[in-house]
Amino acid sequence: RVAMRRGRVEDITARMRDHERLQRSERLALVGQMLAQVTHEVRNPLNAMSLNSEILADEVRSVEGRALLETITAEIRRLERVTERYLDLARRRPPEAVAEDPVALAQAVIALEDPELRRQGVQATVTGAPMEPVEIDGDAIRRALLNLVRNAAEAGATHIRVRVTRRATFLVFEVEDDGPGLEPGLAERVFEPFFSTRARGTGLGLAITRQSIEDLGGTVEVRSTPGHGSTFAMTIPV
């Protein structure tokens with residue numbers, strides 16, 4: 001009888017969790033559709049501004065003028081990155097699994113981002129025992145890992161470690177940083193759309209990351225202690 005009650009409680013808990021995921025997914029999909037419309041309207045003038053700033057760069061000779069153009073160009077690039085994240089919400093696609101080496105996948109992500117991380121004074125490493133290729137949606141995992149690594153760097157980390165492990169029928173990607181950590185009560189809120197602890201943050205990176213991993217049947221969780229960094233763990237069934 002006790003076992004039956006426990007089974008019912010676990011079943012109800014699972015159904016509630018699934019219901020929450022569905023509601024979250026539907027909210028994000030609606031937000032994504034709205035932002036996609038706005039983004040398409042914004043990108044055309046952004047492209048025109050970018051093109052004209054490049055043309056002006058060839059004409060301007062003064063140091064002050066070039067400095068102003070560099071500032072304008074940097075802000076245009078920032079807005080382009082913001083609009084790209086908005087479009088990510090609308091680009092929901094079915095998972096496409098192919099055989100890949102998970103450790104090599106993580107190493108490739110870090111190698112791609114390494115020049116920018118070094119420019120920010122951030123050192124990133126990947127650890128993980130060699131493993132056989134497994135059927136995974138590598139593109140979705142790459143984007144999610146990239147979001148987590150960039151999030152750690154933007155939060156103020158100087159060291160980032162990505163750990164890749166295989167646990168029975170799951171792959172676990174952990175992104176650990178030595179940043180400032182999160183205050184109590186903020187750990188779950190960081191996954192909410194438009195919530196950000198940074199003044200210039202969009203609040204979309206982690207929301208998109210969780211949604212893309214949940215679309216694969218996985219989960220994303222965070223462990224954090226103020227002053228002692230954070231660890232984001234993506235668990236993906238294989």
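Some points to look at:
- For GluC sites (Glu not before Pro), the sites in the range 131-219 that DSSP calls loop and that have at most 11 other Cβ atoms within 10 Å are Glu188.
- Built amide H within the under 5 Å cut-off of Thr225, gap 5+: Leu182
- For the set Thr209, Thr158, solvent exposure ranked by accessible area (probe 1.4 Å, protein chains only) runs largest to smallest as Thr158, Thr209.
- Along each principal axis, taking the top coordinate minus the bottom one, the Cα set of the range 96-238 gives 40, 29, 23 Å in descending order.
- Karplus (6.51, -1.76, 1.60) ³J(HN,Hα), θ = phi - 60°, over the range 175-190, in Hz, Gly and Pro reported as x: 10, 9, 9, 9, x, x, x, 10, 5, x, x, 9, 4, 7, 5, 5
- Structural descriptor for the range 153-238: relative contact order 34 percent, calculated from alpha carbon pairs under 8 angstrom and at least 6 residues apart.
- Distance between the pseudo-spin-label points of His228 and Val60 (7 Å out from Cα toward the beta carbon): 4.8 nm.
- HN-Hα J in Hz across the range 206-222 - Karplus 6.51, -1.76, 1.60, θ = phi - 60°, x for Gly and Pro: 6, 5, 5, 4, 4, 5, 5, 6, 5, 5, 8, x, x, 9, 10, 10, 10
- Positive contributions from Lys and Arg (+1) and negative ones from Asp and Glu (-1), summed over other residues with Cβ under 11 Å from the Cβ of His159, come out at -2.
- Amide hydrogen neighbours beyond the local backbone of Ile160, cut-off 5 Å, H modeled: Gln123, Ala124, Thr125
- Element breakdown for the range 72-197 at a 1.4 angstrom probe: carbon and sulfur atoms account for 54% of the accessible area.
- Trypsin sites (Lys or Arg not before Pro) restricted to the range 140-176 and DSSP loop, no more than 10 other C-beta within 10 Å: none
- For the residues Met131, Met49, a 1.4 Å probe over the protein chains yields an accessible-area ranking, largest first, of Met49, Met131.
- Spacing of the modelled spin labels on Ala99 and Leu69, each 7 Å from Cα toward Cβ, amounts to 5.2 nm.
- Other-chain or far-sequence residues with amide H under 5 Å of Gly218's (modelled H): none
The values are calculated or read from the model by the stated rules, or taken from the named source; none is laboratory data. All of these numbers come straight from a predicted model, not from anything done at the bench. Every residue, glycine as well, gets a Cβ built from its backbone with ideal geometry; the counts of neighbours run over all protein chains shown. The accessibility values were calculated without ligands, DNA or RNA, using every heavy atom of the protein model including side chains. Shrake-Rupley method; radii C 1.70, N 1.55, O 1.52, S 1.80 Å.
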